[in-house]
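Contents: one structure, followed by commentary.
The values are calculated or read from the model by the stated rules, or taken from the named source; none is laboratory data. Since the structure is predicted, the reported quantities are computational estimates derived from the model, not experimental observations. Note that we place each Cβ from the backbone using ideal geometry, even for glycine, and neighbour counts take in every protein chain shown.
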Amino acid sequence: MIFRFFIFLLLAPFAASAEDALSVLTRVVNRYQQLKGFHIEGEYRSSVVTGAFQGSSTGDAAKFVLDSDQNSQKLRLSIDLGKFSSTVISDGETTWTFYPRQHEFTKTDAVADQSDAENMASMIHNAAITQWMTPHPEAGWRLTGEKTLKTSEGKVRCWLLEAKVENGQTLRAWVDKEQTMVLRYEISRTAANGAWDASVSIKRFDTNPPPTSTFVFMPPPGARQVEEVSIPGYAPSLIGQPAREFELKDLDGSPVRLSELRGKVVVLDFWATWCPPCRRELPAIEKLSREFEDKNVVVLGIDDEGVKTIRNYCRSTSLTFATLEDSSGKVHHAYAANAIPNVYIIRPDGIVAHHFVGSREAAELRAAILDAASAAPAAQASR
């Protein structure tokens, strides 16, 4: 949901020596801006250690292959989580998602789904440059030394950059000294209720645009096109189902319980300050919040970053709709909000009417809100 995979407006060529963090970051940004396409192979790992359970831990590991043509916005992303794998292919007009183990695929309008594919990509690669390094200059990035990483091309000497941001988070990036590419990126967070860390390691990075055939999807023999794929162990669609109850506190510490909003249309927007597609969609959410303020509609943001981070961002961007703090991630989990932005629209009778993954325009969200509101008479008549 989204920025076009890596970048900013073209910066002036870099000429200074790379001997401090700012110099290295400038070179990295310039390097990515100039890419016309790339092929990346790597691994993603994350782990959660919950203090409340005396060190119990969970985690994910994935291998991925990512191809991108920057000029035409074509993308191909394959992810293998072991028990689950998928391939997303977008030719710039149509997006397909193929699930090999289920032998099924979905086909959607690229305008609606391209953001999903790109958001997945941004979560597992060097979009960390745009998501973290630039939005958090206050983090005080430091060049802490040099490290050697193993890749498919052999050992590579890297600069090691480190920064600390709010909520006990530490960021680290390994930058190839010769190619000025980020080959490893880490985020770790320590809090009273546990710790979390994630890392992305790039094993291969080719900077030549992939051939056009890379972005052509040919369904394998026997593969079925479906509206939605049923994957064992993964949450099914909540559309048509009762919204899952929760209680969270707003930024002033006041509790908000979903069931107490029965009789109103409720818009739940899962977002984060570091998420580019979220930042793109938030003005539309704010506009709709103001538009429907006196029309029996409640807009609630849900963010897991911490009150201070959320409040500072809302103030700096003049966001006025209520955002709830989900530091435990329980509501994210209940609504399977594994990718953001993630918007649920709930009817006055408490039934989920619409679900959007990826940034949307105000017109599409407005239509969904009006549709959910139109269910009010029927819902009241059924009581």
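Could you count how many residues in region 66-119 are modelled with pLDDT of 80 or more and under 20 Å from residue 205 (Cα atoms)?
Selection size over region 66-119: 14.
Out of everything in region 196-222 that is among the aliphatic types (A, V, I, L, M) and in contact with a strand residue (DSSP E or B) (Cβ under 6 Å, 6 or more places away or on another chain), what residue ends up being surrounded by the fewest Cβ atoms within 10 Å (Cβ to Cβ)?
198
Please work out if residue 286 is within 23 Å of residue 253 (Cβ to Cβ) and not basic (Lys, Arg).
yes
Look through region 287-300, keep the residues that are assigned to a helix (DSSP H, G or I) and of a type in the set (D, E, K, R), and return whichever of them is nearest to residue 362 (Cα to Cα).
287
Checking residue 160 against (1) at pLDDT 85 or above; (2) aliphatic (A, V, I, L, M); (3) part of a helix (DSSP H, G or I), which single condition isn't satisfied?
For residue 160, the exception is condition (3).
Name, by its number, the condition in (1) surrounded by 15 or more Cβ atoms within 10 Å (Cβ to Cβ); (2) modelled with pLDDT under 95; (3) within 21 Å of the chain's Cα centre (by Cα) that does not hold for residue 352.
That leaves (3) as the condition not met.
All but one of (1) surrounded by 18 or more Cβ atoms within 10 Å (Cβ to Cβ); (2) touching a strand residue (DSSP E or B) at 6+ places or on another chain (Cβ under 7 Å); (3) at positive phi hold for residue 358, so report the exception by its number.
(2)
I'm trying to understand the selection: among the residues of region 301-346, which are under 21 Å from the mean Cα position of the chain (by Cα), part of a strand (DSSP E or B), under 18 Å from residue 239 (Cα atoms) and not aromatic (Phe, Trp, Tyr)?
342, 343, 345
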